[in-house]
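Have a look at the structure below before the remarks.
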Amino acid sequence: MADLSASPELPQVSPTEPLSTIVRRLRREAGLTLSELGKRSDISSSALSKIENGQMSPTYDTMQRLADGLGIDITDLFAGQRRQSTGRLTVTRHGQGVRQSIAQYDYEMLCADVRRKQFVPMLATIKANDLKDFPNLVSHEGEEFIFVLDGRITLNTEHYSPMVLEAGDSCYFDSTMGHAVVSTGDAAATILWVCSRIVAPLSE
């Protein structure tokens, strides 16, 4: 009989590489040109070049499309390496998630060792404090749930008035609706952010 008393705990990866370097390296490892990855990801070659050169900060939607274009899980993109699935149960200890930063948010991806999840749980530090920090509202397939752990945020959406959420408040919304989260308190806010998505086939 299998021993169920010990949960499988695997080391989490916190990459030192910026996302721009990771994208360039994974693209080259996949043997893809900028144009080829752009077509696979539905991202223009010029925008992809700016991402790889650190001149453009990709949104979560863009990162998801890049991962799909590379044939990897978004957790692999955050971690900076293609990894084999480690089963269907994993633990993330406090502060040991896979970290990645963009201009508007600092992400800590939780339980990243399980790939092809139906939803992606993250802790996010909200650095943006104005809608001007976003080139446009973000929209993508799926649904999202946010729970404010500390600070105050404003959820801006395409079809609803801006909504202020305090610590302990939560919200669930359709990701296809344009949206952006900004911190409106005295300091950066922290939220639990869960995104669902349609799982795309992965290359092995």
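The values are calculated or read from the model by the stated rules, or taken from the named source; none is laboratory data. As the structure is a computational prediction, the values presented were derived from the model and not from experiment. Positions of Cβ are generated from backbone atoms using ideal geometry, with glycine treated the same way; all protein chains shown enter the neighbour counts.
Go through Leu89, Leu110, Leu26, Leu37 for me and flag whichever is aliphatic (A, V, I, L, M) and within 11 Å of the chain's Cα centre (by Cα).
The unique qualifying residue is Leu110.
Taking Gly31 as the residue in question, decide whether it is without any contact (Cβ under 8 Å) to a residue 40 or more places away in the chain and crowded, with 16+ Cβ neighbours inside 10 Å.
So Gly31 does not fit the description; no.
Of the residues that make up segment 70-84, is at least one farther than 24 Å from Ile126 by Cβ, at pLDDT 90 or above and crowded, with 19+ Cβ neighbours inside 10 Å?
Checked segment 70-84: at least one residue is farther than 24 Å from Ile126 by Cβ, at pLDDT 90 or above and crowded, with 19+ Cβ neighbours inside 10 Å.
Test Thr92 against the stated conditions and say whether it is over 24 Å from Thr190 (Cα atoms), surrounded by fewer than 21 Cβ atoms within 10 Å (Cβ to Cβ), out of contact with any Lys or Arg (no Cβ under 6 Å at 6 or more places or on another chain) and of a type in the set (Val, Ile, Thr).
In short, no.
Being touching an Asp or Glu at 6+ places or on another chain (Cβ under 6 Å) and crowded, with 20+ Cβ neighbours inside 10 Å is the requirement here; does Gln100 meet it?
No; evaluated as a whole, the condition is false for this residue.
So, restricting to strands (runs of 3 or more DSSP E) that lie completely within segment 80-161, which ones have at least 3 residues that are more than 16 Å from Asp61 (Cα to Cα)?
Correct list: 119-126, 143-150, 152-157.
For the list (1) polar (S, T, N, Q); (2) touching an Asp or Glu at 6+ places or on another chain (Cβ under 7 Å); (3) not in a helix (DSSP H, G or I), I need the number of the one condition that Ser57 fails.
(2)
Only one residue in Thr92, Thr16 is polar (S, T, N, Q) and either modelled with pLDDT under 90 or in contact with a helix residue (DSSP H, G or I) (Cβ under 8 Å, 6 or more places away or on another chain) (or both), so which one is that?
Thr16
Could you check segment 124-171 and list, in sequence order, the residues that are aliphatic (A, V, I, L, M) and buried (at least 17 other Cβ atoms within 10 Å of the Cβ)?
Ala124, Ile126, Ala128, Val138, Ile146, Val148, Ile153, Leu155, Leu165
Taking Phe119 as meeting all but one of (1) over 19 Å from Ser170 (Cα atoms); (2) surrounded by fewer than 17 Cβ atoms within 10 Å (Cβ to Cβ), write down the number of the exception.
Among (1) over 19 Å from Ser170 (Cα atoms); (2) surrounded by fewer than 17 Cβ atoms within 10 Å (Cβ to Cβ), Phe119 violates only (1).
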